[in-house]
Amino acid sequence: MNQSKLLVTGTKLATFCNTQLAKPNTRLISSLTQKIKFNSKQNQYGSKRNNSSLGRTPPTTTRNSKLVQNKSFATLKTKENELVPGIWTPQSVRVGALGKKVGMTSMWDEWGVRIPVTVIQLEGVQVVSVVKTSTENLYRLQVGAGFPKPKKITRPMLGHFRKYKVPARTNLTEFPVTKDALLPSGTKITAAHFVPGQLVDVTGTSKGKGFAGVMKRWGFAGGRASHGASLSHRSGGSTGQNQDPGRVFPGKKMSGKMGNKHVTVMELKVMKIDTKLNCIYVKGCIPGNKKGLVKIRDAIKKNKKTGPLKKFPKNSIPPKFTDLASSETATEYPIPFPTYIPGTNQLPFDLPRELIARTGGKDPLLLKQ
(Lines give C-alpha, C1' and ligand atoms only; values in the text may rest on other atoms or scores of the structure.)
Protein backbone atom coordinates (compact mmCIF):
# COMPACT_ATOMS: atom_id res chain seq x y z
CA MET A 1 0.00 0.00 0.00
CA ASN A 2 1.19 3.52 -0.77
CA GLN A 3 2.52 5.72 2.08
CA SER A 4 0.12 8.59 1.24
CA LYS A 5 -2.84 6.21 1.46
CA LEU A 6 -1.66 4.99 4.87
CA LEU A 7 -1.45 8.56 6.14
CA VAL A 8 -4.98 9.33 4.92
CA THR A 9 -6.34 6.16 6.52
CA GLY A 10 -4.62 6.95 9.83
CA THR A 11 -5.99 10.47 9.99
CA LYS A 12 -9.49 9.20 9.21
CA LEU A 13 -9.22 6.59 11.96
CA ALA A 14 -8.00 9.17 14.48
CA THR A 15 -10.82 11.57 13.68
CA PHE A 16 -13.37 8.71 13.95
CA CYS A 17 -12.03 7.64 17.35
CA ASN A 18 -12.07 11.21 18.63
CA THR A 19 -15.66 11.73 17.54
CA GLN A 20 -16.72 8.40 19.10
CA LEU A 21 -14.99 9.23 22.38
CA ALA A 22 -16.55 12.68 22.42
CA LYS A 23 -20.05 11.20 22.03
CA PRO A 24 -21.67 10.05 25.31
CA ASN A 25 -22.39 6.31 25.33
CA THR A 26 -25.98 6.24 26.61
CA ARG A 27 -26.09 2.45 26.91
CA LEU A 28 -22.94 2.34 29.01
CA ILE A 29 -24.10 5.21 31.22
CA SER A 30 -27.51 3.62 31.85
CA SER A 31 -25.97 0.26 32.70
CA LEU A 32 -23.50 1.90 35.08
CA THR A 33 -26.26 3.84 36.85
CA GLN A 34 -28.29 0.63 37.25
CA LYS A 35 -25.23 -1.11 38.73
CA ILE A 36 -24.63 1.73 41.18
CA LYS A 37 -28.27 1.64 42.28
CA PHE A 38 -28.13 -2.14 42.72
CA ASN A 39 -24.90 -1.92 44.77
CA SER A 40 -26.35 0.82 46.96
CA LYS A 41 -29.42 -1.35 47.58
CA GLN A 42 -27.20 -4.29 48.41
CA ASN A 43 -25.29 -2.17 50.92
CA GLN A 44 -28.57 -0.85 52.29
CA TYR A 45 -30.27 -4.23 52.83
CA GLY A 46 -27.16 -6.39 53.35
CA SER A 47 -25.08 -7.81 50.53
CA LYS A 48 -25.46 -11.51 49.75
CA ARG A 49 -21.84 -11.80 48.58
CA ASN A 50 -19.04 -12.80 50.87
CA ASN A 51 -17.14 -9.53 51.12
CA SER A 52 -14.34 -11.10 53.12
CA SER A 53 -13.26 -13.12 50.06
CA LEU A 54 -12.84 -9.87 48.09
CA GLY A 55 -10.50 -8.45 50.71
CA ARG A 56 -13.07 -5.96 52.03
CA THR A 57 -14.77 -5.74 55.38
CA PRO A 58 -18.54 -6.35 55.29
CA PRO A 59 -20.73 -3.26 55.83
CA THR A 60 -21.64 -2.77 59.47
CA THR A 61 -24.48 -0.31 58.93
CA THR A 62 -26.87 -2.54 57.02
CA ARG A 63 -30.50 -2.51 58.04
CA ASN A 64 -30.41 -6.27 58.57
CA SER A 65 -27.60 -6.00 61.10
CA LYS A 66 -29.35 -3.08 62.79
CA LEU A 67 -32.49 -5.14 63.19
CA VAL A 68 -30.53 -8.07 64.61
CA GLN A 69 -28.04 -6.19 66.77
CA ASN A 70 -30.70 -3.98 68.31
CA LYS A 71 -31.45 -6.06 71.40
CA SER A 72 -33.20 -3.27 73.30
CA PHE A 73 -36.78 -4.23 73.97
CA ALA A 74 -38.07 -0.89 75.20
CA THR A 75 -41.72 -0.41 74.31
CA LEU A 76 -42.39 2.24 71.70
CA LYS A 77 -43.35 5.34 73.66
CA THR A 78 -46.31 6.50 71.64
CA LYS A 79 -49.87 7.15 72.64
CA GLU A 80 -51.13 4.19 70.60
CA ASN A 81 -48.55 1.76 72.01
CA GLU A 82 -48.66 2.85 75.63
CA LEU A 83 -48.34 -0.15 77.98
CA VAL A 84 -50.39 0.18 81.15
CA PRO A 85 -50.60 -2.43 83.97
CA GLY A 86 -54.02 -4.06 84.42
CA ILE A 87 -55.86 -6.35 86.82
CA TRP A 88 -56.15 -10.06 86.11
CA THR A 89 -59.62 -11.69 86.10
CA PRO A 90 -60.55 -15.40 85.82
CA GLN A 91 -61.75 -14.73 82.26
CA SER A 92 -58.45 -13.17 81.16
CA VAL A 93 -56.12 -15.05 78.81
CA ARG A 94 -52.53 -13.82 78.83
CA VAL A 95 -49.95 -14.19 76.08
CA GLY A 96 -47.45 -17.06 76.19
CA ALA A 97 -43.74 -17.20 75.43
CA LEU A 98 -41.21 -19.07 73.28
CA GLY A 99 -38.32 -20.74 75.05
CA LYS A 100 -35.35 -23.02 74.53
CA LYS A 101 -35.08 -26.29 76.44
CA VAL A 102 -31.74 -26.19 78.25
CA GLY A 103 -31.90 -29.50 80.11
CA MET A 104 -32.98 -31.10 83.39
CA THR A 105 -31.77 -30.68 86.95
CA SER A 106 -33.06 -31.17 90.50
CA MET A 107 -34.42 -29.08 93.35
CA TRP A 108 -35.02 -29.97 97.00
CA ASP A 109 -37.87 -28.65 99.12
CA GLU A 110 -37.74 -27.89 102.86
CA TRP A 111 -38.48 -31.56 103.63
CA GLY A 112 -35.50 -32.77 101.62
CA VAL A 113 -37.62 -34.29 98.85
CA ARG A 114 -35.97 -34.21 95.42
CA ILE A 115 -38.01 -32.55 92.65
CA PRO A 116 -36.92 -33.07 89.01
CA VAL A 117 -37.21 -29.86 87.00
CA THR A 118 -36.63 -28.77 83.40
CA VAL A 119 -34.87 -25.47 82.66
CA ILE A 120 -36.38 -23.31 79.89
CA GLN A 121 -34.56 -20.16 78.79
CA LEU A 122 -36.27 -17.21 77.09
CA GLU A 123 -34.05 -15.54 74.48
CA GLY A 124 -35.18 -12.22 73.03
CA VAL A 125 -38.90 -12.92 73.37
CA GLN A 126 -40.99 -9.97 72.27
CA VAL A 127 -44.36 -9.14 70.76
CA VAL A 128 -44.12 -8.54 67.01
CA SER A 129 -47.68 -7.65 66.02
CA VAL A 130 -51.37 -7.94 66.77
CA VAL A 131 -52.88 -10.41 64.29
CA LYS A 132 -56.21 -9.36 62.84
CA THR A 133 -58.93 -12.02 62.72
CA SER A 134 -62.28 -12.13 60.96
CA THR A 135 -64.07 -13.03 64.20
CA GLU A 136 -65.02 -10.34 66.69
CA ASN A 137 -63.71 -10.58 70.26
CA LEU A 138 -60.98 -12.95 69.06
CA TYR A 139 -57.48 -11.55 69.34
CA ARG A 140 -54.09 -13.08 68.65
CA LEU A 141 -50.57 -11.84 69.34
CA GLN A 142 -47.57 -12.77 67.19
CA VAL A 143 -44.52 -13.42 69.35
CA GLY A 144 -40.93 -13.80 68.15
CA ALA A 145 -37.79 -15.20 69.78
CA GLY A 146 -34.13 -15.82 68.95
CA PHE A 147 -31.46 -13.69 67.25
CA PRO A 148 -30.95 -14.65 63.57
CA LYS A 149 -27.93 -13.97 61.39
CA PRO A 150 -28.48 -11.07 58.96
CA LYS A 151 -27.81 -13.22 55.90
CA LYS A 152 -30.54 -15.68 56.90
CA ILE A 153 -33.34 -13.08 56.96
CA THR A 154 -35.44 -13.23 53.81
CA ARG A 155 -36.70 -10.07 52.13
CA PRO A 156 -40.39 -10.71 52.95
CA MET A 157 -39.61 -11.24 56.65
CA LEU A 158 -37.35 -8.19 56.64
CA GLY A 159 -40.24 -6.09 55.40
CA HIS A 160 -42.52 -7.65 58.01
CA PHE A 161 -40.22 -6.64 60.86
CA ARG A 162 -39.71 -3.16 59.39
CA LYS A 163 -43.45 -2.66 59.20
CA TYR A 164 -43.84 -3.07 62.96
CA LYS A 165 -40.47 -1.43 63.81
CA VAL A 166 -39.14 -4.38 65.81
CA PRO A 167 -35.79 -6.24 65.64
CA ALA A 168 -35.71 -9.42 63.54
CA ARG A 169 -36.40 -12.74 65.28
CA THR A 170 -35.64 -16.35 64.33
CA ASN A 171 -38.94 -18.00 65.32
CA LEU A 172 -42.48 -16.67 65.22
CA THR A 173 -45.69 -18.04 66.70
CA GLU A 174 -49.16 -16.84 67.71
CA PHE A 175 -51.06 -16.93 71.00
CA PRO A 176 -54.80 -16.30 71.47
CA VAL A 177 -55.48 -13.60 74.07
CA THR A 178 -58.39 -11.60 75.41
CA LYS A 179 -58.89 -7.93 74.67
CA ASP A 180 -57.63 -6.79 78.06
CA ALA A 181 -54.36 -8.74 77.57
CA LEU A 182 -53.31 -7.13 74.27
CA LEU A 183 -49.73 -5.84 74.11
CA PRO A 184 -48.12 -3.33 71.70
CA SER A 185 -45.38 -4.29 69.26
CA GLY A 186 -41.92 -4.46 70.77
CA THR A 187 -43.02 -5.43 74.28
CA LYS A 188 -40.47 -7.65 75.99
CA ILE A 189 -41.67 -10.88 77.65
CA THR A 190 -39.34 -12.14 80.38
CA ALA A 191 -39.33 -14.95 82.93
CA ALA A 192 -41.07 -12.57 85.37
CA HIS A 193 -44.17 -12.93 83.19
CA PHE A 194 -44.83 -16.24 85.00
CA VAL A 195 -45.64 -16.65 88.69
CA PRO A 196 -43.77 -19.25 90.80
CA GLY A 197 -46.29 -21.91 91.77
CA GLN A 198 -48.63 -21.45 88.81
CA LEU A 199 -49.54 -24.18 86.31
CA VAL A 200 -48.43 -23.94 82.67
CA ASP A 201 -48.83 -25.92 79.45
CA VAL A 202 -45.64 -26.66 77.48
CA THR A 203 -45.74 -27.59 73.78
CA GLY A 204 -42.83 -28.94 71.77
CA THR A 205 -41.71 -31.47 69.16
CA SER A 206 -40.98 -34.87 70.68
CA LYS A 207 -37.77 -36.78 70.03
CA GLY A 208 -37.75 -38.78 66.81
CA LYS A 209 -37.30 -42.54 67.35
CA GLY A 210 -37.39 -43.63 63.72
CA PHE A 211 -39.27 -46.73 62.51
CA ALA A 212 -40.28 -48.75 65.58
CA GLY A 213 -42.09 -52.04 66.12
CA VAL A 214 -45.33 -52.61 67.99
CA MET A 215 -43.60 -53.58 71.25
CA LYS A 216 -41.68 -50.30 71.48
CA ARG A 217 -44.31 -48.11 69.86
CA TRP A 218 -47.47 -49.40 71.58
CA GLY A 219 -46.18 -51.59 74.40
CA PHE A 220 -47.37 -54.93 72.96
CA ALA A 221 -46.35 -58.06 74.89
CA GLY A 222 -45.02 -59.83 71.79
CA GLY A 223 -45.01 -63.57 71.10
CA ARG A 224 -43.66 -66.48 73.12
CA ALA A 225 -39.95 -66.29 73.89
CA SER A 226 -39.32 -70.06 73.91
CA HIS A 227 -41.57 -72.88 72.59
CA GLY A 228 -44.02 -72.60 69.75
CA ALA A 229 -42.62 -69.41 68.18
CA SER A 230 -40.74 -69.29 64.91
CA LEU A 231 -39.20 -65.91 64.12
CA SER A 232 -42.22 -64.10 65.56
CA HIS A 233 -41.06 -63.12 69.05
CA ARG A 234 -41.64 -59.38 68.55
CA SER A 235 -44.30 -59.43 65.83
CA GLY A 236 -47.67 -57.73 66.10
CA GLY A 237 -49.74 -60.84 65.45
CA SER A 238 -53.06 -60.78 63.64
CA THR A 239 -54.22 -57.43 62.27
CA GLY A 240 -57.61 -58.31 60.72
CA GLN A 241 -60.64 -60.61 60.97
CA ASN A 242 -62.17 -62.78 58.26
CA GLN A 243 -63.47 -62.27 54.75
CA ASP A 244 -66.01 -59.99 56.36
CA PRO A 245 -65.05 -57.11 56.75
CA GLY A 246 -62.06 -58.14 54.62
CA ARG A 247 -59.95 -55.14 55.54
CA VAL A 248 -57.88 -53.63 58.35
CA PHE A 249 -59.72 -50.94 60.27
CA PRO A 250 -58.19 -47.43 60.20
CA GLY A 251 -56.20 -46.57 63.30
CA LYS A 252 -55.00 -50.12 63.92
CA LYS A 253 -51.91 -50.13 66.14
CA MET A 254 -49.07 -51.34 63.95
CA SER A 255 -45.37 -50.66 63.47
CA GLY A 256 -44.34 -47.31 61.98
CA LYS A 257 -42.55 -44.02 62.58
CA MET A 258 -42.36 -43.09 66.24
CA GLY A 259 -41.85 -39.64 67.76
CA ASN A 260 -41.18 -36.30 66.04
CA LYS A 261 -44.72 -35.10 66.76
CA HIS A 262 -46.35 -32.01 68.21
CA VAL A 263 -46.84 -32.85 71.90
CA THR A 264 -48.32 -30.77 74.74
CA VAL A 265 -47.73 -31.54 78.42
CA MET A 266 -50.42 -29.87 80.49
CA GLU A 267 -50.51 -28.35 83.96
CA LEU A 268 -46.84 -28.38 84.93
CA LYS A 269 -45.90 -26.41 88.02
CA VAL A 270 -43.46 -23.49 87.79
CA MET A 271 -40.98 -24.17 90.61
CA LYS A 272 -38.63 -21.23 90.15
CA ILE A 273 -37.85 -18.28 87.88
CA ASP A 274 -34.42 -16.71 87.38
CA THR A 275 -34.76 -13.07 86.35
CA LYS A 276 -31.04 -12.58 85.60
CA LEU A 277 -30.58 -15.58 83.31
CA ASN A 278 -34.22 -15.30 82.14
CA CYS A 279 -34.91 -18.98 82.93
CA ILE A 280 -38.02 -20.84 84.07
CA TYR A 281 -37.77 -24.06 86.12
CA VAL A 282 -40.74 -26.33 85.41
CA LYS A 283 -41.53 -29.45 87.44
CA GLY A 284 -41.21 -32.68 85.44
CA CYS A 285 -40.15 -33.31 81.85
CA ILE A 286 -41.18 -31.64 78.62
CA PRO A 287 -41.06 -32.90 75.00
CA GLY A 288 -38.10 -32.32 72.70
CA ASN A 289 -34.33 -32.45 72.60
CA LYS A 290 -31.95 -30.06 74.29
CA LYS A 291 -31.90 -26.64 72.59
CA GLY A 292 -35.33 -27.46 71.19
CA LEU A 293 -38.00 -24.78 70.79
CA VAL A 294 -40.99 -24.95 73.14
CA LYS A 295 -44.09 -22.84 73.73
CA ILE A 296 -45.15 -21.94 77.28
CA ARG A 297 -48.55 -20.55 78.25
CA ASP A 298 -50.88 -20.45 81.22
CA ALA A 299 -52.78 -23.72 81.79
CA ILE A 300 -56.08 -23.74 79.89
CA LYS A 301 -57.89 -26.77 81.30
CA LYS A 302 -61.20 -25.99 83.00
CA ASN A 303 -61.97 -28.92 85.26
CA LYS A 304 -63.27 -29.17 88.82
CA LYS A 305 -59.94 -30.04 90.41
CA THR A 306 -57.97 -27.21 88.79
CA GLY A 307 -60.38 -24.40 88.04
CA PRO A 308 -59.31 -20.97 86.79
CA LEU A 309 -58.49 -19.84 90.36
CA LYS A 310 -56.40 -22.91 91.19
CA LYS A 311 -54.01 -22.41 88.27
CA PHE A 312 -52.30 -19.61 90.22
CA PRO A 313 -51.19 -19.57 93.87
CA LYS A 314 -53.72 -18.10 96.29
CA ASN A 315 -51.38 -15.31 97.31
CA SER A 316 -51.20 -14.03 93.70
CA ILE A 317 -54.92 -13.78 92.86
CA PRO A 318 -56.61 -10.39 93.47
CA PRO A 319 -58.58 -10.31 96.76
CA LYS A 320 -62.01 -9.86 95.16
CA PHE A 321 -61.66 -13.19 93.33
CA THR A 322 -60.63 -15.19 96.41
CA ASP A 323 -62.22 -16.17 99.70
CA LEU A 324 -59.15 -15.21 101.74
CA ALA A 325 -59.88 -13.22 104.84
CA SER A 326 -56.72 -11.15 104.69
CA SER A 327 -56.19 -8.98 101.65
CA GLU A 328 -52.52 -8.46 102.54
CA THR A 329 -51.63 -12.11 101.91
CA ALA A 330 -53.78 -12.15 98.78
CA THR A 331 -51.67 -9.49 97.07
CA GLU A 332 -48.25 -10.73 98.21
CA TYR A 333 -47.21 -11.61 94.64
CA PRO A 334 -49.85 -10.34 92.18
CA ILE A 335 -50.15 -11.82 88.70
CA PRO A 336 -48.23 -9.61 86.22
CA PHE A 337 -50.98 -8.48 83.87
CA PRO A 338 -50.89 -8.18 80.91
CA THR A 339 -47.17 -8.86 81.49
CA TYR A 340 -44.36 -7.79 83.80
CA ILE A 341 -43.50 -4.15 83.08
CA PRO A 342 -40.12 -2.99 84.48
CA GLY A 343 -40.14 0.32 86.29
CA THR A 344 -43.74 0.10 87.52
CA ASN A 345 -45.21 -0.67 90.94
CA GLN A 346 -46.80 -3.94 89.85
CA LEU A 347 -45.01 -5.82 92.64
CA PRO A 348 -44.90 -4.72 96.28
CA PHE A 349 -41.13 -5.44 96.35
CA ASP A 350 -38.07 -5.10 94.12
CA LEU A 351 -37.70 -8.03 91.76
CA PRO A 352 -34.94 -10.33 93.10
CA ARG A 353 -32.87 -12.66 90.98
CA GLU A 354 -34.70 -15.85 92.02
CA LEU A 355 -38.31 -16.44 92.99
CA ILE A 356 -39.10 -19.93 94.30
CA ALA A 357 -42.55 -21.50 94.64
CA ARG A 358 -43.77 -22.46 98.07
CA THR A 359 -44.13 -26.16 98.70
CA GLY A 360 -45.22 -26.23 102.36
CA GLY A 361 -47.69 -28.80 103.65
CA LYS A 362 -46.98 -31.81 105.84
CA ASP A 363 -43.80 -33.83 105.91
CA PRO A 364 -44.23 -36.45 103.15
CA LEU A 365 -41.75 -38.79 104.88
CA LEU A 366 -43.75 -38.84 108.11
CA LEU A 367 -45.59 -42.13 108.70
CA LYS A 368 -49.35 -41.90 108.85
CA GLN A 369 -50.78 -42.81 112.22
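Structure notes:
- Over 26 Å between alpha carbons, listed pairs Lys149/Lys179; Lys207/Lys252; Lys152/Lys188: Lys149/Lys179
- Contact order normalised by residue count of the stretch 117-259, Cα under 8 Å, 6+ apart, percent: 21
- Number of Lys pairs (Cα under 22 Å; 8 or more positions apart or on different chains) in the stretch 253-293: 14
- Distance between the pseudo-spin-label points of Ser226 and Glu174 (7 Å out from Cα toward the beta carbon): 6.1 nm.
- The HN-Hα couplings worked out from phi for the stretch 350-366 by the Karplus form 6.51 cos²θ - 1.76 cosθ + 1.60 (θ = phi - 60°) are 5, 5, x, 6, 10, 10, 10, 6, 7, 9, x, x, 7, 5, x, 8, 7 Hz, whole numbers, x standing for Gly and Pro.
- Heavy atoms of Asp350 accessible to a 1.4 Å probe, total area in Å² rounded to 10: 140
- Stretched out straight at 0.36 nm per residue, the stretch from Val131 to Glu110 would grow longer than its current Cα-Cα span by 3.1 nm.
- Under the Karplus curve 6.51 cos²θ - 1.76 cosθ + 1.60, θ = phi - 60°, whole-Hz ³J(HN,Hα) for the stretch 131-136, x wherever Gly or Pro sits: 7, 7, 10, 7, 9, 6
- Heavy-atom accessible area ranking, 1.4 Å probe, most first, across Ser134, Ser255: Ser134, Ser255
- Theoretical FRET efficiency, 1/(1+(r/R0)^6), r = Cβ-Cβ of Ser238 and Glu123, R0 56 Å, to 0.05: 0.65
The values are calculated or read from the model by the stated rules, or taken from the named source; none is laboratory data. Given the structure is predicted, the values throughout are model-derived calculations rather than measurements. Cβ atoms come from the backbone with ideal geometry, glycine included; neighbour counts cover every protein chain shown. We work out accessible area using only protein heavy atoms, side chains counted, and drop any ligands, DNA or RNA first. Shrake-Rupley method; radii C 1.70, N 1.55, O 1.52, S 1.80 Å.
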